[in-house]
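The values are calculated or read from the model by the stated rules, or taken from the named source; none is laboratory data. Every value quoted in this text rests on a predicted model; they were computed, and no experiment measured them. Cβ placement follows ideal geometry from the backbone for every residue including glycine, while neighbour counts extend to all protein chains displayed. Just so you know, the surface numbers come from the protein's heavy atoms only, side chains and all, with ligands and any DNA or RNA stripped out. Shrake-Rupley method; radii C 1.70, N 1.55, O 1.52, S 1.80 Å.
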Amino acid sequence: MDESRPTLDIVAPFFNEAQSASAFAELLDRLEAAVSQRFGMAVHKILIDDGSRDDSAERFSQALSGSWEIVRLSRNFGKEVAVLAGLDQSRGDMVLVMDADLQHSMDISLKMIAELVENPDIDVVYAQNDRREASWRRSQLARLFYSLINSSQRFDIPENAGDFRVMRAAVARALTSLRDKRRFNKGLFAWAGFRQKAIEYSPENRASGKSKWSRLNLIAFSLEGFTSFSVIPLRIISLSGMLAALAGLLYGAKVFFEVMFYGIAVPGYPSLMVAVVLLGGLNLTLLGLIGEYVWVTLSESKDRPVYIVRDVLRGDVLRGDVLHGETLRGEVAADRLPGAPGA
């Protein structure tokens, strides 16, 4: 790779994408040719194998050309962590993050790169899903989620914006300094700041397979966002508790008034059960929510490495170096780590 030219690093995490390996490699080749011709930039491809259980890494290694490396993680750490591993390995003047399932198109990638090249005042260009095919219910739930998580914040997390984005090297280095163990990239990208611009896009259809995100995964991911970036759930439960206490006080006053002035008998069992179920449910909900926040705090306090790299493939050579989040053991690329000499 010509080091005299500016470099674009393409970071692409994948998990069990063996069927789309050949097609994605071809897309990268076309993207590399277009970037070289239009912007005069060299391209380095960094693929992150997030613990695939099939032969995805081998198929990618056979299909890729040019300057590339495949970082194989020791297990499945999740896409959020895989993106961090790719950013840790990147040293380009610009970094493009995209998925390996072919839903992120070449045209939008080039459009984002062009925006960054032509506008020196912009640091990040991100793709924003227009959600044209989303159902009304899902759109409303997404709008409610972003409204709640952005409440009382000094920064806003853009709605329907994911990892598909291009950024300058300074932004990538800033993101690698954020070593959260429980990662919510949407929030981290927004928290880091910098001058950002959105471009709307419609995701392409998956080339093969199906999405790894089930409804339960999406719910857990949303909860991850709340516990990492918002105190709103705790405030909602606290407000519910105060409303329940106020309702109990008003009901008690009503009962006292009826007994003292009208001699009406107080209904016992039904009213008692309603109070027990209501207050018990609120208490259990609050305890569970507090437990989620405590678990996040515990995960961060353990200070385990964010991820572990099994090995790195470069060309046809298998390198057996092990990267423990921030500490490289072995002889390869010690100067490629954040904070290392020459980094």
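Kindly provide log₁₀ I(q)/I(0) values, in the same order as q = 0.14, 0.26, 0.30, 0.31 Å⁻¹, from the Debye equation applied to equal alpha-carbon scatterers of the stretch 34-73.
So the normalised log intensities work out to -0.39, -0.86, -1.01, -1.04.
Treat each spin label as a single point 7 Å out from the Cα along the C-beta direction, and report the Glu204 to Ala114 distance in nm.
About 1.7 nm, to one decimal.
Rank-order 186-192, 64-70 by packing density, defined as the average count of other C-beta atoms within 10 Å over each peptide's residues, highest first.
186-192, 64-70
Distance cut-off 26 Å, Cα to Cα: go down the list Lys45/Lys302; Lys197/Lys302; Lys79/Lys302 and report the pairs above it.
Long pairs (Cα-Cα over 26 Å): Lys45/Lys302; Lys197/Lys302.
What FRET efficiency comes out for the pair Tyr293/Ala247, r = Cβ-Cβ distance, R0 = 35 Å, nearest 0.05?
It comes out at approximately 0.85.
Considering only protein heavy atoms and a probe of 1.4 Å, how much of the accessible area of the stretch 4-113 is carbon and sulfur, as a whole percent?
Details: 1540 of 3610 Å².
Ligands and nucleic acids excluded, carbon and sulfur give 43 percent.
Name the residues of the stretch 67-110 whose amide N is less than 14 Å from a point 7 angstrom out from the Cα of Asp303 along the C-beta direction?
Taking a point 7 Å out along Cα→Cβ of Asp303, no residue of the stretch 67-110 has its backbone N under 14 Å.
Sticking with the crude label model, points 7 Å out along Cα→Cβ, report the distance from Ala34 to Glu258 in nm, one decimal please.
Taking the two extended label points, one gets 7.1 nm.
Which order do the peptides 118-124, 173-179, 44-50 take when ranked by the mean count of other beta-carbon atoms within 10 Å per residue, highest first? Spell out each step's value before the answer.
Values: 118-124: 13.4, 173-179: 16.7, 44-50: 25.9.
Ranking the peptides 118-124, 173-179, 44-50 by packing returns 44-50, 173-179, 118-124.
For a Förster distance of 45 Å, can you work out the FRET efficiency between the beta-carbons of Leu286 and Asp54, rounded to the nearest 0.05?
Taking R0 as 45 Å, the efficiency between Leu286 and Asp54 is 0.55.
Expected output is a single nm value to one decimal: the length gained when fully extending between Arg314 and Leu278, i.e. 0.36 nm times separation in residues minus the C-alpha distance. What is it?
Full extension from Arg314 to Leu278 adds 7.0 nm.
Take the Cα coordinates of the stretch 34-139, assign each an equal point scatterer, and use the Debye formula without solvent to give log10 I(q)/I(0) at q = 0.13, 0.16, 0.20 Å⁻¹.
Scattering profile of the stretch 34-139, log10 relative to I(0): -0.61, -0.89, -1.22.
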